[in-house]
Ligand SMILES: [Zn+2]
């Protein structure tokens, strides 16, 4: 019998891929894709900027504790001055370093998300989903 599919030998990796997330390039602060990897019992964040290449950082030296803490101890506190139509400041918007990821993958400044119609756009698009 003729074999139609040629098996591809995958390289053996020394890590477990846990999840994909988004992060900032440590050099240019651009939002980039990042991978959360588990290697030798520790958790690493590996990201790649098209301009500055690969960066890897240790997130936790104890993968078990880290994964468990995501389920039981994770709580995000974010303090941010909100702008509205009366306090809108374009210079401040241009310096906004917190981004909101839209369902289509775009990252918009958090300040723009709340002021320039992105929030309403996302809500409208989600209503159209089945
Ligand atoms: Zn960069």
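Read-outs: derived from the displayed coordinates by stated rules, not from any lab. What you see is a predicted model; the values in this text were computed from it and never measured. Glycine gets a Cβ as well: all are built from the backbone with ideal geometry, and neighbour counts include every protein chain shown.
List of remarks:
- Note: relative contact order over the chain, using C-alpha pairs below 8 Å and six or more positions apart, is 12 percent.
- Dividing the helix sum by the residues of the chain, where each DSSP H run of 4 or more adds -39500 (n - 2.57), gives a mean residue ellipticity at 222 nm of -6500 deg cm²/dmol.
- When you restrict to C-alpha pairs under 8 Å that are six or more residues apart and normalise by the size of region 16-72, the relative contact order lands at 26 percent.
- One Cα centroid belongs to region 1-54, the other to region 96-130; the line between them spans 26 Å.
- Cβ-based exposure ranking for 128, 83, in which fewest neighbours within 10 Å come first: 128, 83
- Relative to the longest principal axis of the Cα atoms of the chain, helix 118-127 runs at roughly 60 degrees.
- The translational diffusion coefficient of the chain, from Stokes-Einstein at 20 °C and 1.002 mPa s with a Kirkwood hydrodynamic radius over alpha carbon pairs, comes to 117 µm²/s.
- As a calculated quantity, the FRET efficiency between residue 119 and residue 28 at R0 = 25 Å, using C-beta atoms, amounts to about 0.40.
- Peptides 84-95, 105-116 ranked from most to least packed by the mean count of surrounding Cβ atoms within 10 Å: 105-116, 84-95.
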